[in-house]
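Below you'll find the structure, written out as structure tokens, and then a few comments.
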Amino acid sequence: MTDRLRRVLAEPETGRFGPEANLIRDTVRRFVADEILPNVDRWEEEGTFPRELYPMAGRIGILGVGYPADVGGTPTGIWGQIATWEEMARCTSGGVAASLGSHHIALPPIVAHGTPDQHRRFVAPVLAGDRIAALAITEPGAGSDVANLTTRAVRDGDDYVIDGTKTFITSGVRADQFTVAVRTGGPGHGGISLLVVEADTDGFSRSGPLPKMGWWPSDTATLYFDQVRVPAANRIGPENAGFRIIMENFQMERLQLAVSGYVTAETAIVEAWRYATDRTVFGRPVAEFQANRHRFVDLVAETAAAKEFTYRAAEAVARGEDRTTEISMAKLLATAAAEHATYAAVQIFGGAGYLRGTVAERLYRDARILAIGGGTTEIMREIVAKRIL
Ligand SMILES: Cc1cc2nc3c(=O)[nH]c(=O)nc-3n(C[C@H](O)[C@H](O)[C@H](O)COP(=O)(O)OP(=O)(O)OC[C@H]3O[C@@H](n4cnc5c(N)ncnc54)[C@H](O)[C@@H]3O)c2cc1C
């Protein structure tokens, strides 16, 4: 039965993914099976994973999937990227996937708007796994309201001097470089620029890992900038043009979070179904109670719909169309599917689902961030409302 269920959930994968994407999928699947899954329970309890995982993933091209060859990437279309994100999300630890993948939100602005020198210094070594990159937008006083960020960068000769604080930064503890949103101009969205800040720059400091509800192995940190001097050559794109680049960058992050959403839901459903068929209550497997069977059908239908809709958004990306509305809706739908499926999975496990150590319990904790990070569900609704109503 579990195989039939798996087939229904995986069915849409077969149509759109060509041979190249399938080859990439196989590589990532093997990496996850060999290098992550045997260790993931331990890493969760330890709240970290070895830094060596980055060069291991870099060497076989996983970190570079979707990036141009001339910056050290493995070029492919959107389906190769989605196959990569799906298989990484199947490692069952959102924390490992988020930290190992933090470059996917830190590098695209540099790739798209950076100079050849920035590509050489800040992109290629990250895709090889030799350096870790993070994105620093959020501040204690500005999360959803990006246009009101206050970290200031003042031009001084050939440098900028940065003062301010960023928080909730994924890979913040270990990153060697940060793509930082700073205020270089007046108030509002027209005064923001992006600068690359290297972690060994004078005046930069950071917290240790911030304790979290989920994503335990992910090193989330607060960053402090006290008169941090960086060359103006580290600016990405024109001065005061950062807001548009940040919004452009959010699109792929949100698509990726939608993928994490439906994969989390699928994994929770399969885990719960396996348990429900094994566990006997009142002389019958939990899976045989009609209330539970109907619940599973609702979850499968909701998850399959969210996945299909995410694929529809991806098709628009592949055609090069403006896909902001679809991507925002996909994130909304798929992260809700993750919450419903993980809640149900813990419920199906009963008391065992509330104890540490089951995948269902971990998925439930990890799923909660999906509707918050990369723009909250409320912000997704705002974006869609502005565009369609
Ligand atoms: C584990 C983790 C990892 C993260 N990683 C990163 C990272 O790598 N880089 C980075 O820059 N940031 C990161 N973030 C930050 C994340 O993107 C923000 O937390 C998120 O955007 C929300 O911002 P906020 O927390 O300041 O909430 P706020 O903006 O203060 O929002 C509070 C509440 O108000 C709601 N709200 C806001 N505006 C409206 C509105 N117009 N209408 C209705 N409701 C509204 C929100 O939806 C939310 O429910 C991370 C956060 C976490 C928890």
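Candidates 367, 371, 344, 338: the one that is hydrophobic (A, V, I, L, M, F, W, C) and away from the ligand (no atom under 16 Å from the Cβ) is 344. If the condition is being within 17 Å of residue 50 (Cα to Cα) and not in a loop (DSSP other than H, G, I, E, B), then segment 201-228 contributes only 220.
Of (1) within 15 Å of the ligand (Cβ to nearest atom); (2) part of a helix (DSSP H, G or I); (3) open to solvent by 30 Å² or more (accessible area, probe 1.4 Å), residue 257 satisfies all except one. Which? With (1) within 15 Å of the ligand (Cβ to nearest atom); (2) part of a helix (DSSP H, G or I); (3) open to solvent by 30 Å² or more (accessible area, probe 1.4 Å) applied to residue 257, the lone miss is (3).
A single member of 314, 301 is out of contact with any His (no Cβ under 6 Å at 6 or more places or on another chain) and in contact (Cβ under 8 Å) with a residue 40 or more places away in the chain, and it is 314.
Every test in (1) touching a residue at least 12 places away in the same chain (Cβ under 8 Å); (2) in contact with a helix residue (DSSP H, G or I) (Cβ under 9 Å, 6 or more places away or on another chain); (3) part of a loop (DSSP other than H, G, I, E, B) is passed by residue 50 save one, and that test is (1).
Considering 323, 293, 319, the condition of being open to solvent by 10 Å² or more (accessible area, probe 1.4 Å) and modelled with pLDDT of 95 or more is satisfied by 293 alone.
Would you tally the residues in segment 104-127 being open to solvent by less than 10 Å² (accessible area, probe 1.4 Å) and within 16 Å of the ligand (Cβ to nearest atom)?
5
When we screen 362, 323 for residues that are of a type outside the set (Asp, Glu), within 16 Å of the ligand (Cβ to nearest atom) and within 21 Å of the chain's Cα centre (by Cα), the only hit is 362. Taking residues in segment 271-284 that are open to solvent by 80 Å² or more (accessible area, probe 1.4 Å), and partners anywhere that are hydroxyl-bearing (Ser, Thr, Tyr) and not in a helix (DSSP H, G or I), not one pair has Cβ atoms closer than 7 Å while being at least 6 places apart or on different chains. Scanning segment 370-389 for residues that are farther than 20 Å from residue 214 by Cβ and not in a helix (DSSP H, G or I) yields a total of 1. Report yes if residue 362 is on the phi < 0 side of the Ramachandran plot and open to solvent by 20 Å² or more (accessible area, probe 1.4 Å), otherwise no. No: the conditions fail for residue 362.
The set of residues in segment 197-224 that are more than 30 Å from residue 91 (Cα to Cα) and open to solvent by less than 10 Å² (accessible area, probe 1.4 Å) contains only 197. Scanning segment 128-181 for residues that are free of Cβ contacts under 8 Å to residues at least 60 places away in the same chain, within 8 Å of the ligand (Cβ to nearest atom) and β-branched (Val, Ile, Thr) gives 138, 167, 169.
The values are calculated or read from the model by the stated rules, or taken from the named source; none is laboratory data. Keep in mind that this is a model prediction, so the values were computed, not measured. Using ideal geometry, Cβ is built from the backbone for each residue, glycine included, and neighbour counts are taken over all protein chains shown. Quick note on the areas: whole protein, heavy atoms, side chains included, nothing else; ligands and nucleic acids left out. Shrake-Rupley method; radii C 1.70, N 1.55, O 1.52, S 1.80 Å.
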